[in-house]
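Inspection log for the structure reproduced underneath, given as structure tokens.
The values are calculated or read from the model by the stated rules, or taken from the named source; none is laboratory data. Computed from a prediction, not measured in an experiment: that's the story for all the values here. Neighbour counts run over all protein chains shown; Cβ positions are idealised from the backbone, glycine included.
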Amino acid sequence: MTGDKAAAWIGANEGDAIGRLVDWLRIPSVSTDPAYKDDVRRAGQWAADHLRASGFDVEIRETGDPDGSGHPIVLATSEGSPEYEGPHVLFYGHYDVQPPDPVDLWRSPPFEPVIETDEHGRERIVARGACDDKGQVHGFLEAMRAWKETGGPVAGGMKITVLLEGEEESGSVNLERFVAQNKDTLGACDVCLISDTGMLGPGRPAITYGVRGLAYTELVLHASDQDLHSGAWGGKVPNPITELTKVLAQLWDADRRVTIPGFYDTVLPIEPAEREAWAKLGVDVADSLKSIGFGPEADVGETGYAFIEREWARPTAEINGIVGGYTGHGAKTVIPDHATAKVSFRLVADQDPETITESFFAWVRERTPAGCRWELIDHGGGHPATVGTDSPPLRAVRDALAKAAGTEPALIKTGGSIPIAGLLKRELGMDTIFAGFGLENDRVHSPNEKFDLDCWRLGARTHAMIPEALAAVRVSRS
Ligand SMILES: [Zn+2]
């Protein structure tokens, strides 16, 4: 099999490949800070050159309004071998990174990658973007290069479109418009493949088949037209902090279920087989709680659902911030004129962020405290996305991963949100498969971000195997 040949080439040329990753990581492609605008473009250009060298047709597409005010999208295609009858793959990744701050907490400069060996003898590369997402995307890029270098067809013969974004870490502000404007090109793809998630642990590869959605809101409760003396006015008029917290306290019932009418209407029950499979994954609840400073008694959430079930299959409501009144040193007896709370919801199954936000705002309005007035702000969000574990493309990717790893991958979900997956599902009816290689201790978004070289190797080998695995899959498009 030629996939094996490509994987062997990656092994034999690893030093050069890691050298290329180091070059890419040296480019500080921080998308949120305008000071790095040229560097972000350079990092996109770097990926474009890499794909071109592997035989792809590559375009750099400007984004934003006016055109070019955003960071560019790298769009690369390969038509596939004439005999390829598998799905047209959309590979999505991002080449921008989070800011490195706080810089003084890094052991080595964030954009001067170093290879370290940890206490278990495992090698890892340390730099901003080492895992999220340059390191993961780079495994895919090297697999494409390997196919070319070993004389195989471009992209292993797959029909593939590659979309690399430069704004993921700054909210993907131009992505939705780009997808809408390129519906014809992107809509021709059958399935999306993303390498930006994690494994269950070292040596425990996994495919992620579901991400949660998100709805993010802010409530401001306005009361008097000025701050008040609590002796003169307390007990005579509403205190917006007190009233706001009384309303928010009604958001959960005694079973910690969200009380907004209709909130659970489109949530699907957990299938018994799924419940059983998750229980068998052997997630250590006490250990997980310990890693964040809790004892086992902190295993607290919606009644009737286990620890991992509450993360993977149940929606939640959280107060993410609450501000009001006097928060400085010492005492100040004030009744403020307003109080604010940030409230967000993680969503599952068919829950729609706009509908959830609307019903939450209606619920809040019904509880308007006497004498007060709400200001309700919608901060947006994203749709949840799940792909069936019996989906033929998912099975094929799982087979490729099993072959590359020499062990059967786990099927997992994540409680986090990757809005592109929901966007593709909603706009184009496309499923997303997440084959990711990160570890929980990779410190993504934090100082000393790292990626284990074993994880990089597994990613590159898996992507080398995927074209042949997918070639055997037949998709019927409705
Ligand atoms: Zn990230």
**Prompt:** Quick one: which of ASP118, ASP132 is on the phi < 0 side of the Ramachandran plot, in the same structural domain as GLY429 (by TED's automatic domain parsing) and away from the ligand (no atom under 16 Å from the Cβ)?
**Reply:** ASP118
**Message:** Given the criteria in contact (Cβ under 8 Å) with a residue 60 or more places away in the chain, away from the ligand (no atom under 16 Å from the Cβ), surrounded by fewer than 23 Cβ atoms within 10 Å (Cβ to Cβ) and closer than 21 Å to ASP16 by Cβ, does GLU142 qualify?
**Reply:** no
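If the requirement is being within 16 Å of the ligand (Cβ to nearest atom) and out of contact with any Phe, Trp or Tyr (no Cβ under 7 Å at 6 or more places or on another chain), which of these qualifies: LEU200, LEU186, LEU175? Lay out the reasoning, then the answer.
Details: LEU200 fails: within 16 Å of the ligand (Cβ to nearest atom); LEU186 fails: within 16 Å of the ligand (Cβ to nearest atom).
Sole residue among the options that is within 16 Å of the ligand (Cβ to nearest atom) and out of contact with any Phe, Trp or Tyr (no Cβ under 7 Å at 6 or more places or on another chain): LEU175.
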**Message:** Checking GLU243 against (1) outside any helix (DSSP H, G or I); (2) surrounded by 13 or more Cβ atoms within 10 Å (Cβ to Cβ): exactly one of these is not met. Which one?
**Reply:** (1)
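So, in the stretch 66-98, exactly how many residues are of a type outside the set (Val, Ile, Thr) and either free of Cβ contacts under 8 Å to residues at least 40 places away in the same chain or within 20 Å of PRO419 (Cβ to Cβ) (or both)?
At the first step, the residues of the stretch 66-98 found to be of a type outside the set (Val, Ile, Thr) are 66-72, 75-76, 78-88, 90-96, 98.
Now drop any that are not either free of Cβ contacts under 8 Å to residues at least 40 places away in the same chain or within 20 Å of PRO419 (Cβ to Cβ) (or both), which leaves 66-72, 75, 82, 90-96, 98.
Here the count works out to 17.
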**Message:** Looking at the stretch 427-445 only, could you name the residues that are more than 16 Å from the ligand (Cβ to nearest atom) and not in a helix (DSSP H, G or I)?
**Reply:** GLY429, MET430, ASP431, THR432, ILE433, ALA435
**Request:** Being over 30 Å from PRO393 (Cα atoms), among the acidic types (Asp, Glu) and either within 16 Å of the ligand (Cβ to nearest atom) or without any contact (Cβ under 8 Å) to a residue 12 or more places away in the chain (or both) narrows it down to one of GLU112, GLU62, so name that one.
**Result:** GLU62
**Message:** Give me the residue from the stretch 61-80 that is closer than 26 Å to PHE140 by Cβ and acidic (Asp, Glu) and, out of that set, farthest from the chain's Cα centre (by Cα).
**Reply:** GLU79
**Request:** Filter the stretch 446-468 down to residues that are touching a Gly at 6+ places or on another chain (Cβ under 8 Å) and within 14 Å of the ligand (Cβ to nearest atom) and give me whichever is farthest from PHE140 (Cα to Cα).
**Result:** GLU449
**Prompt:** Only one of VAL126, VAL103 is more than 14 Å from the ligand (Cβ to nearest atom), exposed (fewer than 14 other Cβ atoms within 10 Å of the Cβ), over 30 Å from ALA396 (Cβ atoms) and of a type in the set (A, V, I, L, M); which?
**Reply:** VAL103
**Item:** Odd one out for GLY415, checked against (1) touching a helix residue (DSSP H, G or I) at 6+ places or on another chain (Cβ under 7 Å); (2) within 21 Å of LEU90 (Cβ to Cβ); (3) of a type outside the set (S, T, N, Q)
**Value:** (2)
**Request:** Considering each of VAL30, VAL22 in turn, give the residue that is among the β-branched types (Val, Ile, Thr), farther than 20 Å from LEU193 by Cβ and surrounded by fewer than 21 Cβ atoms within 10 Å (Cβ to Cβ).
**Result:** VAL22
**Message:** I need the helices (runs of 4 or more DSSP H) fully contained in the stretch 1-92, keeping only those with at least 1 residues that are of a type in the set (Ser, Thr, Tyr) and modelled with pLDDT under 95.
**Reply:** 2-12
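Out of all the residues in the stretch 84-99, which are under 26 Å from the mean Cα position of the chain (by Cα) and either crowded, with 20+ Cβ neighbours inside 10 Å or away from the ligand (no atom under 14 Å from the Cβ) (or both)?
Filtering the stretch 84-99 down to residues under 26 Å from the mean Cα position of the chain (by Cα) leaves 87-99.
PRO87, HIS88, VAL89, LEU90, PHE91, TYR92, GLY93, HIS94, TYR95, ASP96, VAL97, listed by residue number.
Every residue, every condition in (1) among the hydroxyl-bearing types (Ser, Thr, Tyr); (2) assigned by TED's automatic domain parsing to the domain that holds GLU85; (3) assigned to a helix (DSSP H, G or I), yes or no:
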| position | (1), (2), (3) |
| --- | --- |
| LYS332 | no, no, no |
| PHE345 | no, no, no |
| THR355 | yes, no, yes |
| SER359 | yes, no, yes |
| TRP363 | no, no, yes |
| ARG398 | no, yes, yes |
| LEU411 | no, yes, no |
**Message:** Just to be sure I understand, how many residues within the stretch 377-391 are over 19 Å from the mean Cα position of the chain (by Cα) and either buried (at least 17 other Cβ atoms within 10 Å of the Cβ) or small (Gly, Ala, Ser) (or both)?
**Reply:** 1
**Request:** Pairs only if they're at least six apart or on different chains, beta carbon under 9 angstrom, first in the stretch 153-173 and farther than 19 Å from GLN45 by Cβ and in contact (Cβ under 8 Å) with a residue 60 or more places away in the chain, second part of a loop (DSSP other than H, G, I, E, B) and within 16 Å of the ligand (Cβ to nearest atom); list them, first residue then second.
**Result:** VAL173/GLU167
**Request:** Take the stretch 292-319 and flag every residue that is touching a residue at least 60 places away in the same chain (Cβ under 8 Å) and outside any helix (DSSP H, G or I).
**Result:** ALA313, PRO315, ALA317, ILE319
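Does the stretch 446-464 contain any residue that is closer than 20 Å to LEU401 by Cα, among the acidic types (Asp, Glu), touching an Asp or Glu at 6+ places or on another chain (Cβ under 8 Å) and not in a helix (DSSP H, G or I)?
Going through the stretch 446-464, the residues closer than 20 Å to LEU401 by Cα turn out to be 451-464.
Going one step further and asking which of them are among the acidic types (Asp, Glu), we end up with 452, 454.
After this cut, where a residue has to be touching an Asp or Glu at 6+ places or on another chain (Cβ under 8 Å) as well, the list is 452, 454.
Add one more test, that the residue is not in a helix (DSSP H, G or I), and what stays is 452.
Yes, the stretch 446-464 has at least one match.
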**Request:** Quick one: count up the residues across the stretch 257-283 that are farther than 23 Å from VAL343 by Cα, more than 23 Å from the chain's Cα centre (by Cα) and assigned to a loop (DSSP other than H, G, I, E, B).
**Result:** 3
**Message:** Exactly one of these conditions fails for PRO153: (1) within 16 Å of the ligand (Cβ to nearest atom); (2) at pLDDT 95 or above. Give me its number.
**Reply:** (1)
